[in-house]
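The values are calculated or read from the model by the stated rules, or taken from the named source; none is laboratory data. Please read all numbers here as calculations on a predicted model, not as lab measurements. So basically every Cβ, Gly included, is an ideal-geometry build from the backbone, and we count neighbours across all protein chains shown.
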Amino acid sequence: MKTFSKFVLSGLTVVLGLTISACGSDSNAGDKSARQPVEGVADIAGYAPDDAACQRNKDAGKITYISSYSYAASGSIMDVFMARDLGYYDALCLDVEMNTAGASGQQLVNANKAQFTSVGSAPSVLDTVANADNITAVATYGTTDPHCILAHKDIKTLKDLEGKRLGYFTQVAPVARAQLAKAGVDLDKVKFTKITNYDPTIVTRGTIDAEIAYASSQCASLKDQGIEFSEFLPADAGVESTYSVMEVNSTFLKEHRDTAADFMRATLKALQYCLDNEDTCVEHVTELAGEDNQGDSFPLDQQKRTWAVESQWIRDSAVKPLGAHTREEWEAAAALTREFSDVKDIPDLDTVVDFDLVTDLYDADDVLIWPGE
């Protein structure tokens, strides 16, 4: 547990932007697909127009990517926008359409209405595929779970949550249940309470005792404001999980595997670019949010804070190279999901995870293979 001292109490409301799905109520509202070139960055070489690989990717047709959280400066989101705007998709003859109204990204991918989307962790994938048979995980961005339990400063240990109200947004994350159980908490004594207010000061003001939140968002925001609170991370309790998983429509993957691989090739190249050029990427995706009338939900200071945390998760990943994942980490995620969620019947991992697609994009020295380089 870490307690953060109160230095300066900001009176500003924390804007977390998690309500932006309302901006996408119009089915076309989230379609902002035109490339917005990054100033000062030259186009990159790729497939020649007459290459068979170029024609193959053109023949695959339009690829629709559903952002799970609009213009957030997060892995599996910002890198997709940057791959488009850096010209990486164009270089590989990929026609990529963006949709930022992605509250139902997994449902759309499963229903053949889109090809790619992402979710926060492996347990989130496994929770979905138990009732969906047309989604495959193809890349995992890190080995740090994105959640945190954000508690009032008077909560000194997780055991203190017994008899207290612990808020959650959509559902109680399996990793949070695991974290509590590992700490010896009697889950039956915790008052799990559904909440809809994303302002983390509902905890620090005592409206609720604690909430299951995101380390790079609510917890990072309170730290930045100097507001005193207690933070509990899954790793503190010995719970391991993953960060950010890219998913693809299984039918598309089967019919256009090489094209799906090229989508990930371009996306991961952009991810490395963003690790090397943080300000350029964060400022660019924030500008995109502003142009789409979502600037209030994604202010630059929040975006920088988010990427500062999440980029470190990517760098610190125990699995290399970028985007690769292992059977071992997914088996651990499956075991955690079975024990700490309502999902007990998880499909064979080979039917829901492609362990080779990303790994095969790299050479023996873990350098991403790019045509012409």
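Worth pointing out:
- Single unsatisfied condition, LEU126 versus (1) in the same structural domain as PHE340 (by TED's automatic domain parsing); (2) at pLDDT 95 or above; (3) assigned to a helix (DSSP H, G or I): (2)
- Out of ALA308, ALA324, sole residue that is surrounded by fewer than 19 Cβ atoms within 10 Å (Cβ to Cβ) and of a type in the set (Gly, Ala, Ser): ALA308
- ALA266 falls short of the stated requirement of being surrounded by fewer than 17 Cβ atoms within 10 Å (Cβ to Cβ) and among the aliphatic types (A, V, I, L, M).
- Taking residues in segment 322-333 that are in the same structural domain as ASP354 (by TED's automatic domain parsing), and partners anywhere that are surrounded by fewer than 24 Cβ atoms within 10 Å (Cβ to Cβ) and modelled with pLDDT under 95, the pairs with Cβ atoms closer than 7 Å and at least 6 places apart or on different chains are ALA332/GLU240.
- Given (1) within 24 Å of THR326 (Cα to Cα); (2) at pLDDT 95 or above; (3) not basic (Lys, Arg), index of the condition THR204 fails: (1)
- Output for segment 311-321, where each listed residue is among the aromatic types (Phe, Trp, Tyr) and buried (at least 22 other Cβ atoms within 10 Å of the Cβ): none
- When the criteria are applied in full, GLY75 meets the requirement of being in contact with a Phe, Trp or Tyr (Cβ under 7 Å, 6 or more places away or on another chain), crowded, with 18+ Cβ neighbours inside 10 Å and assigned by TED's automatic domain parsing to the domain that holds ALA334.
- Only one entry in VAL185, VAL175 is aliphatic (A, V, I, L, M), in a loop (DSSP other than H, G, I, E, B) and closer than 24 Å to SER121 by Cα, namely VAL185.
- Of all residues in segment 27-65, those that are within 16 Å of ASP85 (Cα to Cα) and either assigned to a loop (DSSP other than H, G, I, E, B) or at pLDDT 90 or above (or both) total 18.
- Subset of segment 84-103 [among the small types (Gly, Ala, Ser) and without any contact (Cβ under 8 Å) to a residue 60 or more places away in the chain]: GLY87
- Scan of segment 335-359 for residues that are surrounded by fewer than 20 Cβ atoms within 10 Å (Cβ to Cβ) and either in the same structural domain as ALA178 (by TED's automatic domain parsing) or assigned to a helix (DSSP H, G or I) (or both), ordered by number: ALA335, ARG338, GLU339, LEU349, ASP350, THR351, THR359
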